[in-house]
Every structure is written in structure tokens, then in C-alpha cells.
Amino acid sequence: MTPAHSVRPVILVVDDEADKLQHGLALDLGDEAELIVRHPKDIESQDIEGAHLVLVDYRLDDWAERDGQPAAFSIRTGLALATVLREVADQVAHGRLTALALHTGHLADASGRIRPPHSCHVVARLNNLEWVFEKSDAARMRGAVQLARAAQRLEGDWPADASASEARARELLNLGDEVGWTERAWDHVRECQPPVHELGGGHHGVLFLRWLLHQILPYPCFLWDVNWVAARLRVSVGDLERLIASECELARELNRLRYTGLMAGFLGNRWWRAAMEDYAWELGGRSSGRPGQFEERLREKAGEELELVAPHDPVVCLDQELRPRGITSPEDAVRLRPDYWPPFADAAWMRIDDVRSDPELGAMVEPLDDYRVEVDE
């Protein structure tokens, strides 16, 4: 595994209220990163050249020098400014990666017509950005530091050789080969189309970073968040979160199966899907154990009685904003095909009653499940 950089990453914050932000952001960052705060009119190319992350405010109202300029020179929002700064970053890159992200208290405005408006990764993906941070998120600067460190770690050319490229991807994901499930996990990774071949030939790792941020961490694929882990173990999400925070045997064993690679923890903890499937298989006695063995061993490892959810193959259901809202039986839910949901991700499910209550959701339903949503007159 590549050693952590000893030099602090540099974060450039571009905001029309730069003077007001300097002190507060410096307190938020502490010693985790070097901070530069600039008004848009004061940005120099060397500021961008030295930055691992450029964080741009969406609303740029206080910019007198811009007002009255012809339309082609009038940058009204942070999205427009980020496009210009991206060009500058590419020109002065010299083999380094400068990540760009939006920093806003008006995500709905920045989202435009994108539905749902809370999907930061979708807004970022459609606007040539690495991420969108909300100012209302108390942990946003911690996430910004993590993104800056990832850009710092990805400095330099990506290996051109195919085997070296795959080895670099495995290293970044911290996926070794010391346990049995790791090769199956790598098969799962390859099913999710990592851009390891597109990165050959002297490119830096921005495509890999975007793949991870836009298509992997927000969805259930080779990594699972706590909701999908809970469904696999057939316990409630609340019970699992409580157990993970404890010192029981289950918590210790699940901790060893967590994802610890690039951007780990950025959107909360993730676990390797292959590892969780193996773990559940072992709990069940590799499917040859006596009835009830899975439940019995799970309770032993938890150190307490647990009420298991949904008797057979429970699924994680989404709400109208496409966020996980609980676990249910597939008999009470239908599959969806949401916009931007990767084809390699696990199926998206929603409760039938929720689909019936919102006519717009009907267009997302998997055609084979349409008949299950229909209500007899």
C-alpha cells in the first residue's frame, strides 16, 4: 500500500465572501490541510497550480468587476467559473491532479432540473466536477480534506501496462490477496467497469476517482453500505448500527471486512460485498447446517437476542428521493430503473405503496413489474 503523503494537501476555496470565510474555514480544517481563500477576481494561476482541491462557491453575487461585462465574459455562477478553472488546471497540471468541487448552500439551484435535487454525485457528474459539498453539512470540510488527499495520492502518470494498471487499481482499493474472498471481490470490481484501461498512456487518475465517487460509493455494487449489509444479515439497520458501535464479536468481525481503500468513509462506511456474502455463508453453515443455525450463530456473535427481518431474501427499499428507507420482503416491493442508476449496481427497489402514491415514480418501474403496481378498479 502506498504510504500516506507527509505534506498537507492544499485546498483553494473560491468565494465572493472570502474575507468572512477565512477564519472559520481555517478552524474547520485545523492542521489537516493548507488553506487558501480567494475572491474570484483575485485568483492567480499559481493558486490553482499548487492546489489539490479547488472548492468553488455556487452563488457569486458580490463581484463588481464582473457586472456590466458582455455575456461571454459574465460568469454568473460557480458552475461556470469551475469550467474556466478546470481549463486552467489542465494547462498547469504538470502531472498532478487538481480536483474541483462545488461548495454551496443552494443545492436545489445548482441541481437545476436534475431529479432528485439532493444527489450531489449526479450534479457533479453532469457538470465535470468531482463532487458537490453542501454548506449545511457540518462534515463537509472533513470530506473536502479527504478529496484533496485522494487527488494528492493520485499524482503522477497512471501505469500504461495493463497488468500494472490493474495492480494500481487494487492498491488504491486496498484489495490484497491474503484471504479467499478477495479474488471474487476483484471479479465484482471488474464487473463495475473500472477505467483502468482508459487510464493507460500517461493520464492521471481523475477518471478512477470519478468512477469511485460517481458510480461506486453512492450505489450498492461491489461495496455495500450498512443498509445492504443489514439486509444480507436479515437484521434491522438500527440494530446493526448499534451493534457495530459496540465491542461484540460481530462488530469486530465486520470491522475486518470494511472497505479501507481510497475515499473510505467519504459517504459512510462500506463493506466488501464478496466478504459479506462469505460471512453470511459461514454463519449459515455453508447452507448445509441445520435449520435456524444462521439465526443462532448471529445472535451468539451479537451477544443478545435479535429479531430478524423479512423471512426470505429481504431487499433494501428506497424512498421518493432514492435514499435507503428500510428493509422489506420482495413481495411488497417492485424493482426500479432510476435515471443514472448504474447497470452493474444491485437492483433498486421501492415499496409498492410508495410507487402508487407518486405517479412520477411509475415511469421508473421495471417493465416486468408493472402489473404489480396496477390497482383493480
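The values are calculated or read from the model by the stated rules, or taken from the named source; none is laboratory data. Quick caveat, the model's predicted, so the values are computed rather than measured. All Cβ positions, glycine included, derive from the backbone under ideal geometry; neighbour counts span all protein chains shown. Side chains are part of the model used for accessible areas, which takes the heavy atoms of the whole protein and leaves out ligands, DNA and RNA. Shrake-Rupley method; radii C 1.70, N 1.55, O 1.52, S 1.80 Å.
What to note about this one:
- Projecting the Cα positions of TYR58, PHE344, THR182 onto the charge dipole of the chain (unit charges on Cβ atoms of Lys, Arg, Asp and Glu, taken about the Cα centre) puts THR182 furthest along the positive direction.
- Whole-Å distance, taken between Cα centres, linking region 32-104 and region 296-373: 41 Å
- Straight-line cross-link partners of LYS41 among the lysines, defined as a Cα under 29 Å from its Cα and at least 8 positions apart when in the same chain: LYS20, LYS135.
- Cα gyration tensor category, rounded, prolate or oblate, for region 314-364 with a/c compared to 1.5: oblate
- Amide H contacts under 5 Å for TRP349: LEU318, LEU336, restricted to partners 5 or more places along the chain or on a different chain, H placed in the peptide plane at 1.01 Å from N.
- Under the combined filter of DSSP loop state and at most 15 neighbouring Cβ atoms within 10 Å, region 270-360 retains these GluC sites (Glu not before Pro): GLU304, GLU305, GLU307, GLU321.
- Per DSSP, loop GluC sites (Glu not before Pro) in region 18-96 with at most 12 further Cβ within 10 Å: GLU44, GLU65
- Surface/4 estimate of mean projected area, convex hull on alpha-carbon atoms of region 197-314, nm²: 8.5 nm²
- Sulfur and carbon atoms: percent of accessible area, the chain [1.4 Å]: 47 percent
- Cβ crowding within 10 Å averaged over residues, with 345-352, 214-221 ranked highest first: 214-221, 345-352
- Under the criterion of Cα pairs below 8 Å and six or more residues apart, the relative contact order for the chain equals 12 percent.
- Whichever aspartates and glutamates have a C-alpha closer than 14 Å to that of LYS301, once near sequence neighbours (fewer than 8 apart) are set aside: ASP239, GLU247, GLU249, GLU253, GLU282
- Accessible area per residue for the chain, computed on protein heavy atoms with a 1.4 Å probe, is 49 Å².
- Note on the chain: with a GNM built from Cα contacts shorter than 10 Å, the maximum mean-square fluctuation among ALA275, ALA64, ALA148 falls on ALA64.
- Within the listed set VAL37, VAL365, VAL179, the Gaussian network model of the chain (springs between alpha-carbon atoms below 10 Å) gives the highest mean-square fluctuation for VAL179.
- Only DSSP H runs of four or more residues enter the estimate; each adds -39500 (n - 2.57), and after division by the residues of the chain the mean residue ellipticity at 222 nm equals -10000 deg cm²/dmol.
- For VAL56, residues with placed amide H under 5 Å, excluding near neighbours: VAL14, ALA101, LEU102, HIS103
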